[in-house]
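Notes follow once the structure below has been shown.
The values are calculated or read from the model by the stated rules, or taken from the named source; none is laboratory data. This one's a predicted model, so the numbers in the text were calculated from it and none came from an experiment. Cβ atoms come from the backbone with ideal geometry, glycine included; neighbour counts cover every protein chain shown.
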Amino acid sequence: MLIASTTLILATLAGYTLLCMASPFGTCRKCEGAGAKLTINRAGKIKRVKPCRRCKGHGKRLRIGRRLHNHSRELHRAGTR
């Protein structure tokens, strides 16, 4: 049982690592990739009101795994100078 759960965790971790390497950016969870807050005006049309504060209007965010990878590379680079 322990070996199976460990294997499952390692396989999930390896898959997430490959995902972060292949696609380091994911869609913003707050604006759902729109890059702005969306509202419906009186005519019933969707209107962009203001840029999203979390992604600064880009609609993309850096994945947590990629952020950890970048931080560890920074620490290693600063420690080996």
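Tabulated data
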read-out	value
Test result for R48, surrounded by 10 or more Cβ atoms within 10 Å (Cβ to Cβ), outside any helix (DSSP H, G or I) and more than 21 Å from the chain's Cα centre (by Cα)	yes
Enumeration of residues in region 1-29 that are farther than 17 Å from H69 by Cα and surrounded by 13 or more Cβ atoms within 10 Å (Cβ to Cβ)	T27, C28
Qualifying residue in region 66-80 (condition: surrounded by fewer than 13 Cβ atoms within 10 Å (Cβ to Cβ) and either at pLDDT below 90 or in contact with a Cys (Cβ under 7 Å, 6 or more places away or on another chain) (or both))	yes
Pair list, Cβ < 7 Å and 6+ apart or interchain, from region 38-60 residues that are at positive phi and touching a residue at least 24 places away in the same chain (Cβ under 8 Å) to residues that are part of a strand (DSSP E or B) and surrounded by 10 or more Cβ atoms within 10 Å (Cβ to Cβ)	G59/T27
